[in-house]
Structures are given as C-alpha cells and as structure tokens.
Amino acid sequence: MSDALEKTNLTFDALGVSSETDVSALFDALLRSAEEEMASAKMGEELESFRVRWLGRNNSVKSRVQENWLKRAAPDAKKWVGASFNACFRKLEEDFAVHKVKPAVTGTSDCMDLSLPGVVRPIGTRHLIRQTYDEIERIFLSLGYTVVEGPEIETPYYNFEALNIPEHHPARDNMDTFYLESAPGYLLRTHTSPMQIRTMEKQKPPVRIVVPGKVYRRDNPDATHSFMFHQLEGLAVDEDITFCDFKGTIEYFVREFFGASTKTRFRPSYFPFTEPSAEFDASCVFCGGKGCRTCKQSGWIELFGAGMVNPAVYGFVGYDAKKLNGFAFGIGVDRLAMLKYGLGDIQVLFQNDARFLRQFP
Ligand code: DAH
C-alpha cells in the first residue's frame, strides 16, 4: 500500500508538501495505487467494493482527500490541489468505467462488454407462398371480400357434384383425384371451389369471399406440377352483379398484383360451374408483351380460370337463380408467385432450401 493512500487521513498541512510539483506527485502516487487495486478487482462484488472504497460518496478515498487535503489546503495551494484532485479522480472514474466492461473482467463477472457486437440470431421469414397469399388477400380485403378457409378432406359431393360435375363427367378426368383408402367416400380436394358450395349453403347473399388453401392432384412432380399446390378461390354473388363487375374486379386485381402497366385479356374457356367461362391472361411479365421464351413468343401469359357462376350451381345451395348473379375465379397461387418472382421451377417452393427462402425476406 502506498504512502499516498495512508496520507489521505492526514490534513493537508500535515502532509509536508510545499510545491505544485509535490502535490502532483502525491496525486500521481495515489492514482497508481488505485489503478493497481482496480486491476485485481474482477468479479461483480469486487468491482463494487473497489468503487465504494475509492469513489463512493462517504468515507471513500475520494471523499477523504476532498475533505482533508482540498478543503484544508492553504489558500495559495488550493489551486494546485484542486487541479490535481480533479485530474486524478476524473482519470480514475474513466478508467474504472472501461475496466468494468473489459472482456477479461466480464468473463468472470456478471458485467457486460457493451462494446462487443451483439449475438446475431437467425430470424425466419414468411415463406414466399405465404407472402403471395398475403398480397392477394390484401387486395381482395380492400375490395370488401372476406377470407374463409375450408377442409382439405372433402366429399365427392362438394368437390364435384354440387359444382355441376356429375359422375362420368370428363372434367373429373382432368383432376386426377386422391381418394382416401382409410376413409372410403372421402377425397383430398382437387381445388378450392368446394368452398363456394359450403359458403353459399351457410350464408345468404350477398357473398363476397376468397378462400386460400392447399389442393391435391395425382400429378408427377416436375418444373410446373406438384401433387400438392395452392389456390385461392374467389366468389361474389348478389342481385345486381354483371359481367362488367367480374371483368373490372379481376383486372383491378391483376394490376395491383403485377403492376399498373400490365395488360389483360379474356379467352373463352369451359368450367362446369361457370357459364360463360373464361381463361384470364396477362401481358407477359418477363418481356412486357414483346414475346420471349416464357410466353412462347405470344406476349401473353395464362393466369387463371374464372367465369359467371353457372345457375345450375345455385340449385344445389337453395339460391334463387332467377334473382342472383355472380362470378367466381380460381387462382393458382404457386403459378402467380413463380411469375411475380421469376421462378423457373415450382419445386423450389416446396424444398425448404434456406438459401432460396432467404432471398425473400
Ligand atoms: N377450380 C378450377 C381448377 O382448379 C379453377 C376455377 C376455374 C375456379 C374457374 C373457379 C372458376 O372458381 O370460376 O381448375
């Protein structure tokens, strides 16, 4: 222990210092012994007792020096004692602030090194399919639609019959169906259209719904096919819905989703549950309509099927076909995601390769 430390109990007069040089040497010695002691303080408690002993408010070295040396110095010495006092303890406080967060100290104590970079934890993101659904749903929600969901295990009645696809209808062949061996009479839905029926059975018109969900078909996986994929069904039924509402709604959706400059067109098509039916195309999102490999030089890309609800369907749900009109559409969500994000292979959506998924934060 240095002399200087012991001298903190003496009054200034008893120190026997008489010059500015003496005073600053005295404080230097004091600071040195403080630093030595600080170096050996490592744990939380040791650090705290060091702080109390040297810098605390009552009976610390600092308060004793202030009381005995500074206050009791002769008037002409006060200036040097004050300057040295300030320099000494300011330095000690600064050094202590650094010391207590040093890694060597924190390694054995409960203090933190605030200067170290934080621990970066990997954070997941919404899957690209979920992001695509969110975007589509946002657009339809803004038009007053409600999101509803339904069962993936269905009966032939909802999946086919009530949608005007009776047994032996050729449309059933296009949708190679998984029938459940373990639950005879049930199947995995081949499309989200059954929810049109389930909704209308329960709800009086007007109806305005979109139905996101997984659908299943016995397809061999390749770049554009998967035995499970995603659709979003839409249905609007009311007393005064026209073909113009149908066209306007779908065009609005496509421009919101792909951008305002996207052009659209209808082509006649056939679905048993809509009449008339249409296939909806958009100007190729890759070449802007000039013609490229993706659109097979046509400038157009097939987007999804749609149509005015076939009055025969109303018969299955007890709606008055004479009073009501409506339209429906069935969007392939994987296809829309592939077009929007330029994916050449549908399988990347199902492989859960983090290197792919991370590209869509
Ligand atoms: N359900 C049809 C399919 O999966 C898609 C579809 C076409 C749905 C026309 C509709 C529609 O609602 O009006 O192939």
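The conditions of being open to solvent by 40 Å² or more (accessible area, probe 1.4 Å) and free of Cβ contacts under 8 Å to residues at least 24 places away in the same chain are not met by Pro151. All of (1) under 21 Å from Phe350 (Cα atoms); (2) more than 25 Å from the chain's Cα centre (by Cα); (3) within 12 Å of the ligand (Cβ to nearest atom) hold for Gly213 with one exception: (2).
Residues that are within 14 Å of the ligand (Cβ to nearest atom) and part of a strand (DSSP E or B) within segment 282-316 comprise Glu302, Leu303, Phe304, Gly305, Ala306, Gly307, Met308, Val309, listed in sequence order. Residue count for segment 321-351 satisfying the condition of being more than 16 Å from the ligand (Cβ to nearest atom) and open to solvent by 10 Å² or more (accessible area, probe 1.4 Å): 15.
Take segment 172-200 and flag every residue that is away from the ligand (no atom under 16 Å from the Cβ) and within 18 Å of Tyr157 (Cβ to Cβ). First the steps, then the outcome.
Filtering segment 172-200 for residues away from the ligand (no atom under 16 Å from the Cβ) gives 179-186.
Residues satisfying the conditions are Tyr179, Leu180, Ala183, Pro184, Gly185, Tyr186.
Just wondering, is there one or more residues in segment 78-99 that are in contact (Cβ under 8 Å) with a residue 40 or more places away in the chain, in a loop (DSSP other than H, G, I, E, B) and surrounded by 15 or more Cβ atoms within 10 Å (Cβ to Cβ)? Within segment 78-99, not a single residue is in contact (Cβ under 8 Å) with a residue 40 or more places away in the chain, in a loop (DSSP other than H, G, I, E, B) and surrounded by 15 or more Cβ atoms within 10 Å (Cβ to Cβ).
The sole residue among Tyr314, Tyr319, Tyr270 that is closer than 17 Å to Lys247 by Cα and not charged (D, E, K, R) is Tyr270. For segment 142-167, the set of residues classified as closer than 25 Å to Met308 by Cβ, of a type outside the set (Asp, Glu) and assigned to a loop (DSSP other than H, G, I, E, B) consists of Leu143, Gly144, Tyr145, Val148, Gly150, Phe160, Asn164, Ile165, Pro166, listed by residue number. Evaluated against (1) open to solvent by 80 Å² or more (accessible area, probe 1.4 Å); (2) closer than 30 Å to Arg255 by Cβ; (3) within 16 Å of the ligand (Cβ to nearest atom), Ser226 falls short on exactly one condition, (1).
Screening the candidates Leu31, Leu47 for the property of being of a type outside the set (Asp, Glu), part of a helix (DSSP H, G or I) and open to solvent by 20 Å² or more (accessible area, probe 1.4 Å) yields one hit, Leu31.
The values are calculated or read from the model by the stated rules, or taken from the named source; none is laboratory data. These numbers were taken from a predicted model, which means no experiment stands behind them. Glycine gets a Cβ as well: all are built from the backbone with ideal geometry, and neighbour counts include every protein chain shown. SASA here: full protein model, heavy atoms, side chains in, ligands and nucleic acids out. Shrake-Rupley method; radii C 1.70, N 1.55, O 1.52, S 1.80 Å.
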